[in-house]
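Remarks on the structure that follows.
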Amino acid sequence: MTLAGKQIVVGVGGGIAAFKAVELVRELQRRGAKVRVAMTASACRFVGPVTFAGLTGAPALTDLWDPRYPGEAHVELAEWADAIVVAPATANLLARAAQGMADDIVLATLSCARGPVLVAPAMHERMWRAPSTQRNVERLRADGVTLVGPVKGALANGSVGEGRMVEPNEIADAVQRALRTHDLSNSTVIVSAGPTQEDLDPVRFLSNKSSGRMGYALAAAARDRGAEVILVSGPVDLAAPSGVETLRVRSAREMQHAIDDALPRADVVIMTAAVADYRPADPKPSKIKKQGDSMSVELIKNPDILAELGKKRTGKRPVLVGFAMETNDVIAYGKKKLVEKRVDLVIANEARVAFGGDDTQATLIDHKREDTLPPMGKLELAHHILDRVKLLLGAAPGGATRNRRGRAPRAPRPVRRPRGRSRSKA
Ligand code: CTP
């Protein structure tokens, strides 16, 4: 029983998938959790509160003004909950949660959560893809909310599309993952993410297709496991994760400076960034004008940030993790990079599956073994990588259990703005 002793609030939103919330409650209970339920008014149109009361042995809360709770029901419920999971989460519920609204029992409870919050969206594909919904989802992610799904499948109206709620047992898995102990709480992790941009002139640059999603997922996962996280990000279209120190950079050399500055604090460096190997040798101060039928640009080599970290490391700190994004011979190249860059772990993946989307597939290669994982979401892969990092930290002298600086957990840092790059702590 893997959720033994845990107390979970299930918030039920008003969609047809509300009937699956009944199965979710049962699944959480099967895993040993105590469950209480809060419902929106529209959820009550799909399933009766009596069903949940019968299953949980406690009234399902449907009203912020419930006279049975003379105190503040939402505060009491949030205080009781080790985790809150909203399933199904409608587009409307996501929008209100993203705004921090608290005008019903589900939203009010969410707004004073003391532990992980998960939401399992369910809606028509067009509603899910609507820019407003995606904006709200990004906001919630940045606020530390874990999105579980949706997935592609049969929707309520019989059509097939992305918008179907994830099955209850998978939602229960996600709750379990979210409640993982803070096993990295004495570690500082630097994660690099996204592409770099190398200027040709004031309006043009060389770059690549990296979305930054893998690095942002790693930063959020490490934060959730209690690490102090420094995210060094190239230009991407993602909101800075809350509770993470985010340094924004553009070029490979800016990225290297940012990492070098943060290095004395680091126990782990994870390089997910797709760093440009070359940059224009002679970037022009004004716009390059059109010339003949062809033109060539001389490129010079950028520093290999990871290889230089590997070269200058004495001992086993920081633990170094690299990515090997390949189009062919993925594992062979991954092993080569492990040795040549003198790192502890390489995540080898194929560009076709790794670039852009939310899902990926990877092989973890260290000096003892290689594990090919099944396809999975980037957040899930991030946790697999951190499980391995945790082992590597434990193996290094001084282990992950020490508290080198006797540091209080994550005090806010002063905001500095070094020249040429911006810093935010969202
Ligand atoms: N890397 C780096 N600095 C660079 C290039 C790559 O730190 N200038 C890091 C990446 O962040 C990644 C690892 O090295 O963790 C491997 O990057 P990849 O682009 O796959 O390999 P390269 O070393 O650039 O080799 P190639 O492009 O020939 O595959």
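When region 39-76 is examined, which residues are found to be open to solvent by less than 30 Å² (accessible area, probe 1.4 Å) and in contact with a Phe, Trp or Tyr (Cβ under 9 Å, 6 or more places away or on another chain)?
Answer for region 39-76, where residues must be open to solvent by less than 30 Å² (accessible area, probe 1.4 Å) and in contact with a Phe, Trp or Tyr (Cβ under 9 Å, 6 or more places away or on another chain): 39, 47, 58, 60, 61, 73.
If a residue must be over 25 Å from residue 286 (Cβ atoms) and either within 14 Å of the ligand (Cβ to nearest atom) or basic (Lys, Arg) (or both), how many such residues does region 182-208 contain?
Number satisfying all stated conditions: 6.
I'd like the full set of residues that are more than 6 Å from the ligand (Cβ to nearest atom) and either in a strand (DSSP E or B) or open to solvent by less than 40 Å² (accessible area, probe 1.4 Å) (or both), limited to region 263-273.
Correct list: 263, 266, 267, 268, 269, 270, 272.
Are any of the residues in region 6-20 surrounded by 15 or more Cβ atoms within 10 Å (Cβ to Cβ) and part of a helix (DSSP H, G or I)?
yes
On the given criteria, is residue 253 out of contact with any Gly (no Cβ under 8 Å at 6 or more places or on another chain) and part of a strand (DSSP E or B)?
On the way: out of contact with any Gly (no Cβ under 8 Å at 6 or more places or on another chain): yes; part of a strand (DSSP E or B): no.
Considered against the rule, which asks whether it is out of contact with any Gly (no Cβ under 8 Å at 6 or more places or on another chain) and part of a strand (DSSP E or B), residue 253 comes out as no.
Which condition breaks for residue 99 when tested against (1) open to solvent by 60 Å² or more (accessible area, probe 1.4 Å); (2) of a type outside the set (Phe, Trp, Tyr); (3) more than 22 Å from residue 61 (Cβ to Cβ)?
Among (1) open to solvent by 60 Å² or more (accessible area, probe 1.4 Å); (2) of a type outside the set (Phe, Trp, Tyr); (3) more than 22 Å from residue 61 (Cβ to Cβ), the lone unmet condition for residue 99 is (3).
How do the strands (runs of 3 or more DSSP E) wholly within region 280-386 filter down when requiring 1 or more residues that are open to solvent by 20 Å² or more (accessible area, probe 1.4 Å) and within 13 Å of the ligand (Cβ to nearest atom): which remain?
Once the strands (runs of 3 or more DSSP E) in region 280-386 are filtered for at least 1 residues that are open to solvent by 20 Å² or more (accessible area, probe 1.4 Å) and within 13 Å of the ligand (Cβ to nearest atom), what remains is 299-301, 319-326, 345-350.
Got a sec? Which of 137, 148, 166 is closer than 30 Å to residue 327 by Cα and open to solvent by less than 20 Å² (accessible area, probe 1.4 Å)?
The unique qualifying residue is 148.
Checking the conditions here, which among 17, 41, 53 is touching a residue at least 40 places away in the same chain (Cβ under 8 Å) and over 24 Å from residue 116 (Cβ atoms)?
Answer to the selection: 41.
Listed here are the residues, each with its yes/no results for (1) modelled with pLDDT under 95; (2) of a type in the set (Asp, Glu); (3) assigned by TED's automatic domain parsing to the domain that holds residue 46; (4) not in a helix (DSSP H, G or I).
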residue	(1), (2), (3), (4)
68	yes, no, yes, yes
71	yes, no, yes, yes
74	yes, no, yes, no
77	yes, no, yes, no
84	no, no, yes, yes
88	no, no, yes, yes
92	no, no, yes, no
103	yes, yes, yes, yes
107	no, no, yes, no
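Output the number of the condition that residue 150 fails; it satisfies all remaining conditions of (1) touching a helix residue (DSSP H, G or I) at 6+ places or on another chain (Cβ under 8 Å); (2) under 20 Å from residue 3 (Cα atoms).
Among (1) touching a helix residue (DSSP H, G or I) at 6+ places or on another chain (Cβ under 8 Å); (2) under 20 Å from residue 3 (Cα atoms), the lone unmet condition for residue 150 is (2).
Answer yes if at least one residue in region 386-404 is small (Gly, Ala, Ser), at pLDDT 65 or above and within 25 Å of the chain's Cα centre (by Cα), and no otherwise.
yes
Evaluate region 229-249: report whether one residue or more is away from the ligand (no atom under 12 Å from the Cβ), open to solvent by 10 Å² or more (accessible area, probe 1.4 Å) and over 23 Å from residue 140 (Cβ atoms).
no
Take the residues in region 207-228 that are out of contact with any Leu (no Cβ under 8 Å at 6 or more places or on another chain) and closer than 19 Å to residue 140 by Cβ, then tell me which one is surrounded by the most Cβ atoms within 10 Å (Cβ to Cβ).
Out of the qualifying residues, it is 224.
Filter region 355-378 for residues that are among the aliphatic types (A, V, I, L, M) and modelled with pLDDT of 85 or more; which is farthest from the chain's Cα centre (by Cα)? Give the steps one after another, and end with the answer.
So in region 355-378, the residues among the aliphatic types (A, V, I, L, M) come out as 362, 364-365, 373, 376.
Now drop any that are not modelled with pLDDT of 85 or more, which leaves 362, 364-365, 373.
Details: 362: 17, 364: 19, 365: 22, 373: 18 Å.
Checking each candidate, the answer is 365.
Just one of (1) crowded, with 17+ Cβ neighbours inside 10 Å; (2) over 21 Å from the mean Cα position of the chain (by Cα) trips up residue 117, so point out which.
For residue 117, the exception is condition (2).
Would you tally the residues in region 169-206 being open to solvent by less than 10 Å² (accessible area, probe 1.4 Å), part of a loop (DSSP other than H, G, I, E, B) and not hydrophobic (A, V, I, L, M, F, W, C)?
3
The values are calculated or read from the model by the stated rules, or taken from the named source; none is laboratory data. All figures in this text were calculated on a predicted structure; none of them were measured in a lab. Every residue, glycine among them, receives a Cβ derived from its backbone with ideal geometry; neighbour counts consider all protein chains shown. Calculation scope for accessible area: heavy atoms of the full protein, side chains included, ligands and nucleic acids excluded. Shrake-Rupley method; radii C 1.70, N 1.55, O 1.52, S 1.80 Å.
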